[in-house]
Amino acid sequence: MDDEQQRPEHGPLAGFTVGVTAARRADELGALLQRRGAAVLHAPAIRIVPLADDRELLAATKQLIDQAPDVVVATTAIGFRGWVEAADGWGLGDALLERLRAVELLARGPKVKGAVRAAGLTEEWSPASESMAEVLDRLLEQGVDGRRIAVQLHGEPLPGFVESLKAGGAEVVGVPVYRWLPPEDLGPVDRLLDAAVSRGVDAVTFTSAPAAASLLSRAEERGLLPELLAAFGHDVLPACVGPVTAVPLQGHGVDTVQPERFRLGPLVQLLCRELPGRARALPVAGHRLEIRGHAVLVDGELRTVPPAGMSLLRALSRRPGWVVPRAELLRALPGTGRDEHAVETAMARLRTSLGAPKLIQTVVKRGYRLALDPATDAKYTDG
């Protein structure tokens with residue numbers, strides 16, 4: 001009991017590094033991840049430009065005020081608020097609200113419903129699922145032929161939504177409240193890309209489709225797209241807040257994980273399950289060794305390991321119980337050194353970091369091996 005009391009507490013994401021591509025609410029997502037022990041690499045892949053002075057939004061707003069639609073679909077809370085604020089700035093706020101009171105107003109989910117009501121309006125209907133597919137089903141069931149439907153856009157693609165309404169005979173008016181652009185400073189994005197292809201991050205989170213598309217586009221510009229896709233396919237977990245966000249990644253054949261509820265909290269909870277489940281755990285020299293991104297759990301105690309040590313440990317863990325030659329371990333070290341003495345130095349630091357020197361055995365004139373427990377040797381070394 002005393003040992004347990006003395007053992008430092010660590011969160012489920014301790015030892016893992018997570019990339020955050022969000023521009024909006026990035027601080028909130030980063031804080032949720034850090035609170036659970038993760039190291040966070042923030043690289044906003046897009047910037048959101050409000051369109052208060054945009055002629056396209058102004059024209060759409062005037063058009064709807066002058067010519068009433070039958071239905072208005074509000075898709076995001078921030079987008080709806082931005083639209084009302086922009087109209088206020090143009091002196092059209094009251095006219096817009098008066099028009100919206102007289103039409104069938106649909107709100108996609110509770111947050112949008114809250115924004116609608118904060119503006120003094122009442123929605124006609126809102127799906128419990130927060131799904132645009134459910135909104136589309138409702139509209140098509142009612143019949144849209146000859147109806148004029150305004151859709152508040154927020155930079156997110158709405159796969160098939162507008163096309164399906166038009167195919168059903170509707171006239172669709174887009175209300176573009178925000179525009180997504182690449183970030184002005186590409187440095188953080190490039191650092192995240194470098195970390196992803198070198199496996200310096202364990203997961204990358206996406207909270208909008210434009211951010212996913214932007215990261216893929218930048219990777220292509222730098223000639224790193226094949227390497228990034230390979231990383232997402234094996235070692236780096238791409239986690240999306242929902243199916244719409246995942247569309248650009250799926251277009252490149254990337255399988256993503258998504259929470260059942262499309263929110264930041266469930267996204268973080270998903271990572272708390274997925275990343276520890278992907279960590280390599282081995283019984284070594286009477287201890288349980290769990291290898292995470294930049295740290296190791298030794299019998300449940302978190303041990304931070306330098307990057308060179310983690311590289312050595314991963315190389316050893318790929319063939320637990322087998323001797324790995326110094327030359328092979330040298331190739332696994334970061335950098336391009338040719339002196340095997342670097343392996344000995346990094347190995348000494350690794351053993352110190354682990355706090356249990358006997359986990360790794362030196363095999364004279366041959367190399368090093370993880371001291372896999374004899375009872376489990378056959379399980380890990382046969383074949």
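Numbers below:
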quantity	calculated
Positive-pole candidate from Ala119, Gly109, Leu139, dipole of the stretch 94-141, charges at beta carbon	Ala119
Relative contact order (percent, whole number), the chain, Cα cutoff 8 Å, 6+ residue spacing	15 percent
Debye, to nearest 20: dipole size of the stretch 242-383, +1 on Lys, Arg Cβ, -1 on Asp, Glu Cβ	200 debye
Percent carbon-and-sulfur accessible area, the chain, ignoring ligands, DNA and RNA, probe 1.4 Å	48 percent
Under the Debye formula (equal points on every Cα, no solvent term), log10 I(q)/I(0) of the stretch 1-139 at q = 0.10, 0.14, 0.20, 0.22 Å⁻¹	-0.51, -0.79, -1.16, -1.26
Accessible solvent surface per residue of the stretch 273-383, calculated while the other protein chains remain in place, 1.4 angstrom probe, Å²	54 Å²
Rg and Dmax [Cα atoms of the stretch 109-215; Å; Rg one decimal, Dmax integer]	18.3, 54
Kirkwood hydrodynamic radius of the chain, from inverse mean 1/r over distinct Cα pairs, in Å	23.9 Å
The chain: calculated mean residue ellipticity at 222 nm from DSSP helix runs of at least 4, using -39500 (n - 2.57)	-13000 deg cm²/dmol
Set of aspartates and glutamates near Lys62 by C-alpha distance (under 15 Å), chain-local residues within fewer than 8 positions excluded	Asp53, Asp54, Glu85, Asp88, Asp94, Glu98
Relative contact order, percent, the stretch 150-285 [alpha-carbon distance under 8 Å, six or more residues apart]	21 percent
Heavy-atom accessible area per residue - the stretch 212-262, 1.4 Å, Å²	47 Å²
Sites Arg35 and Arg261 - FRET efficiency at Förster radius 22 Å, r taken between beta-carbons, to 0.05	0.70
Sequence ranges 213-222, 360-369, ranked by mean other-Cβ count within 10 angstrom, highest first	213-222, 360-369
Nearest-20 debye value, the chain charge dipole, Cβ charges on Lys, Arg, Asp, Glu	1420 debye
For the stretch 333-373, fraction of C-alpha pairs farther apart than 11 Å, in %	69 percent
Point-to-point label distance, Arg318-Ser131, nm (Cα→Cβ direction, 7 Å offset)	4.2 nm
Value of relative contact order over the stretch 251-378, rounded to a whole percent, pairs C-alpha under 8 Å and six or more apart	23 percent
Convex hull volume per residue in cubic angstrom - Cα atoms of the stretch 256-348	133 Å³
Length added when fully stretched, Ala230-Asp70, from 0.36 nm per residue minus Cα-Cα	52.9 nm
Reduced Cα scattering model of the stretch 44-122, Debye log10 I(q)/I(0), q = 0.22 Å⁻¹	-1.07
For the stretch 182-306: Kirkwood Rh in Å [reciprocal of mean 1/r, alpha carbons]	15.7 Å
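The values are calculated or read from the model by the stated rules, or taken from the named source; none is laboratory data. Quantities reported herein were computed from a predicted structural model and do not represent experimental measurements. Cβ atoms come from the backbone with ideal geometry, glycine included; neighbour counts cover every protein chain shown. These area figures cover heavy atoms from the full protein model, side chains too; ligands, DNA and RNA do not enter into them. Shrake-Rupley method; radii C 1.70, N 1.55, O 1.52, S 1.80 Å.
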